[in-house]
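K.L.:
Here you go, one structure.
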Amino acid sequence: MAYALCAALALGQVVPAWSPARADAPRPDIAQEVAQHELTSCSAPAQVAQAQASPTPSAEASAGAEPSPGTSASATPTASPTPTASPTLIPIPPAGRGPAQLAPSTPQPIGTPTPAPPPLPTPTPTSNATEGPVYLVRPSGSPPPIPPKGASPTPTPTASSASAPSPNPSASVLPLPTLGPNQIAILGDELIGSSKSGAPSDYKGNVHIFYEEGTIVGDDAHFDGDHTVSVSGHTYIINRNADSILYADKIVYDSVTGIATLTNGHGESTEGVATGKIHYSGKTMTMNRDGKVHAIGGSFTTCENQRGGYHVDSKTIDVTPGDKLIAHKNTVFLGLLGVFFLPLLVVPLKQPGEGGRRQPSFIPEVGYDDYDGLFVRARIGFGTTDYYYGYYRLEEYTKRGQGLGYVAYIGRKNGKRVINIDTYFLRGAPGVGNQANANISDIENFSQRLRGQFNLVYTGDYGPLVSLPPSLQVGGSIVHQSAHSSENYQFSRSVAGSQSTTDNLAFIDQLQLWPKVQEGINLSYTDYASAYPGELSETSESLHIQSLTHYYTKSADYTLTFDKTDSSEPFGYDTAPALEIIPHLPFEDLRIPLQTQLTYGYYDEPGNHFGTERADIDLAVGPALFKVFRTSDFSAGFTVEQDLYGTGDEKANVTQTLALTSPLSPHIVNSINYNEQNPIGPAIVPFELLDQLSGGSKEAQDTLRIFNRDIYSLSLSSGTLFDREAQPWTYQFSARPSPRATVILAGSWIPGAGNGFYQTNLQLLTPFGRDTDVEFVTNINWKNRGHMMDQVIYYRRTIGNCYNLLASYNQDLRSFNLNFELLALPGQSAGVGIAPTQPLLPSGFNY
């Protein structure tokens, strides 16, 4: 006979009791669902005695009892057998979220005990769960399956109980008793020792220990009578979410602290990983109620086959499911080969933070190019909390030197201050020199209405083959926000080596004067100084004032603009002032849209010592869409801009657009586009900078597309500028011979003697064996006997569904890169990336 201990949980649900396979059966697999469980019900010893003394049940008892198999539903049930011992009650303190560890997948059903009706339920729930033991009795018949995740935990009646009539339909059905708060339940096949509270006891066979957020399973368990349970024999811990599991030789559970200690533990979890599982182990492992695991002398990996993939041996490992894994004193192995040592390693188990500061980039990238030589680059993450984390950049170049970078996020728990740091220092090889970059920003919320920001950007390394003097930019702002206004005070200083210096002070004020009136004011002062070798320095000062007043009505928007700059070196033009009116016409939603805008003001060009009045009228009609020839789409539109000046000058600009798209068949579409610009009037009169006109132009373009879904697509395009000169034909052909192969050809053909085909771009993606892809990109020079130029080769191989091996070769840059991409970890890539701007799978289909 099996025994268990339970107490009423505030959840008001029945806690299922179930058991895994026996000692000779295989361990459960996390990828499968738990197959079966057993319903349990609870009763105090006093009620058991009452059930034995009363052969005829009362109306309340009959309503809640179930008939035994093979008996009539109306037959009088027999008393349950007298229990030989009482399980031990183990109170535990209140717990938070439970152990978020793994759930088994295929435990075997427990052996069927002697059939007996459930004992009588208590009339009212027990107020104190520590008053005495309550028995868990398995019902007869086959246990129903555990309800799926997220479903109601109330068990469904079996076929026999559902069809049996109630002995007393008028009697109310009492709720099933449940586990109480701060308690655990133990279920086993045999109890040895005293059943009194506080007395040691042993459980033999199919031992299950249920607590708030998980279950401990094993063959044998020993309770010391106080607060410790030791479980041995095929032991493991599962969590209620069925996404984590921990195996061990022995598990010791402390019901006071809620900590489980595992000897020679190893586990796996799908919580927080993108693909597959994360596996970790340790000689000694502890797990608390929150599911956090601490392992001493362990390892972790995301590969099912560690010998064929990678694994990391660590002195200590701390796992917070769904958040991060922190390991100290690590050795990274590729297969059986230890490749490098890391004192600290932080692996995120959630999506990367802002700016990629939480990239799981502990596997280095290696490569070679002409500028850097042979190089090794890696990003090592750090940070044990969500308020301080980042990564180190470690780089070694045989030709350029050694690089060290520090990228970090520092924030306060109350969210009032955030600091972002991105620094990099290159210790250059002889003849290269030292270079450094830094980007630091500090944002602080002083109050709900006052915020400050400070920025520092220093650039000394501009990249390969770029030599410029180092630059420094320092700036900041203070913003005050109220219900009807906001004030922004800004300052900045920019220094470009010894060549130039620029200082700027600014004040921006936004006011809500009335519900329909807004006012914006911008005041700024700029001081500029420059010096060139062998020349005198140049200095200039400027004061800029801008005012924008916006008034909104149902009929129109009105904007009054005043914009003037007083500078020792005049430039640009001033608006002093100008009124812009945008009417809300009732034609905007018609089939042919119509919009207009009127601007009138006084404009001045200080550098030319010229100013006059200007009126500008803009009219936009369309584009309007029409159906022609039943199946073709035709759209047309034009804009007219008319300018009038106080000098009597006039000028205008007219733009027209036409488009016709005709489907010739389900697989052939032809498109014609026409654009025309007609400037009228002098180009730079009366203003030299305002309302400049360029020459008129006409252009027509015809594109023919032939396609069949994503199997193939051919695009041919040519046009004319109406200048009696033939224009080139451009072409692009895309085909997908198989689901894993893609071919793209693109180029042009130029008409005329000695022209023709010059160059064709070829992109080819093809499988190269199982789980392997190769992409080849090149330019074919037809004028040089089809010589292939600028060749780039990408190679990707997926190993053990664990990581991608990525390699690339660039002929033009003479570079080679090798990198790894871990598939299970969020963010997908553990390295720097071999070709972030050119993915392996090209896209070029046009329909």
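The values are calculated or read from the model by the stated rules, or taken from the named source; none is laboratory data. Quick caveat, the model's predicted, so the values are computed rather than measured. Here the Cβ is made from the backbone with ideal geometry for all residues, glycine too, and neighbour counts use every protein chain on show. Surface areas here come from the heavy atoms of the whole protein model, side chains and all, with no ligands, DNA or RNA. Shrake-Rupley method; radii C 1.70, N 1.55, O 1.52, S 1.80 Å.
K.L.:
Roughly how many debye, to the nearest 20, is the charge dipole of the range 276-336 about its Cα centre, given +1 on each Lys and Arg Cβ, -1 on each Asp and Glu Cβ, and no other charges?
P.N.:
Using Cβ point charges on Lys, Arg, Asp and Glu, the range 276-336 gives about 120 debye.
K.L.:
Starting from the Cα of LEU664, step 7 Å along the direction of its Cβ; do the same at GLU190; then give the gap between the two resulting points in nm.
P.N.:
Those two pseudo-labels are separated by 8.8 nm.
K.L.:
Rounded to the nearest Å, what's the spacing between the alpha carbon centres of the range 681-751 and the range 789-803? Just the number, please.
P.N.:
What the calculation gives is 33 Å, centre to centre.
K.L.:
While we're looking at this one, here's another question. Residue by residue, what Karplus-based ³J(HN,Hα) values in Hz, rounded to whole numbers, does the range 293-303 have, using 6.51, -1.76 and 1.60 with θ = phi - 60° and x for Gly and Pro?
P.N.:
Using θ = phi - 60°, the values come out as 10, 10, 10, 10, x, x, 8, 8, 6, 10, 9 Hz.
K.L.:
In addition: Calculate one ³J(HN,Hα) per residue across the range 648-654 by plugging θ = phi - 60° into the Karplus curve 6.51 cos²θ - 1.76 cosθ + 1.60, and present them in order as whole Hz with x for glycine and proline.
P.N.:
Going residue by residue, I get x, 6, 9, 7, 8, 9, 10 Hz, with x marking Gly and Pro.
K.L.:
For the pairs LYS277/LYS315; LYS204/LYS315; LYS277/LYS329; LYS196/LYS292; LYS250/LYS292; LYS564/LYS651, note any where the Cα-Cα span goes beyond 30 Å.
P.N.:
Exceeds cut-off: LYS204/LYS315; LYS196/LYS292.
K.L.:
So who's got an amide H within less than 5 Å of the one on ILE259, skipping anything under 5 residues away but keeping other chains? H placed 1.01 Å off N, in plane.
P.N.:
Here the answer is ASP254, since their amide H atoms fall under 5 Å of that of ILE259.
K.L.:
When the solvent-accessible surface of protein heavy atoms is calculated with a 1.4 angstrom probe, in what order do LEU345, LEU813 fall, highest first?
P.N.:
LEU813, LEU345
K.L.:
Another question, if that's okay. Please give the net charge around ILE744, taking every other residue with its beta carbon less than 11 angstrom from that of ILE744, where Lys and Arg add +1 and Asp and Glu add -1.
P.N.:
For residues surrounding ILE744, the net value is 0.
K.L.:
Tally Lys/Arg at +1 and Asp/Glu at -1 over every other residue whose Cβ is under 14 Å from the Cβ of ASN445; what's the total?
P.N.:
+4
K.L.:
Okay, next question. Within the range 632-646, name every residue whose backbone N is under 11 Å away from a label modeled 7 Å from Cα of GLN595 along the Cβ vector.
P.N.:
Of the residues in the range 632-646, none has backbone N under 11 Å from the label point off GLN595.
K.L.:
Quick one: if you stick a label point 7 Å off each Cα along the C-beta vector at LYS627 and LEU523, how many nm between them?
P.N.:
6.2
K.L.:
Just to make sure I understand: if all protein chains stay in place, what is the order of GLU650, GLU212 by accessible area at 1.4 Å, largest first?
P.N.:
GLU650, GLU212
K.L.:
Let me ask something else about it. ARG377: net charge of surrounding residues, Cβ under 11 Å, Lys/Arg +1, Asp/Glu -1, itself excluded?
P.N.:
With Lys, Arg at +1 and Asp, Glu at -1, the neighbours total -2.
K.L.:
Once phi is turned into θ = phi - 60°, what whole-Hz ³J(HN,Hα) does the Karplus curve with 6.51, -1.76 and 1.60 give for every residue of the range 627-636, x standing for Gly and Pro?
P.N.:
3J(HN,Hα) across the range 627-636, in whole Hz: 9, 10, 6, 6, 10, 9, 10, 10, 10, 8.
K.L.:
Ranked by accessible surface with a 1.4 Å probe, highest first, in what order do VAL743, VAL332 come?
P.N.:
VAL743, VAL332
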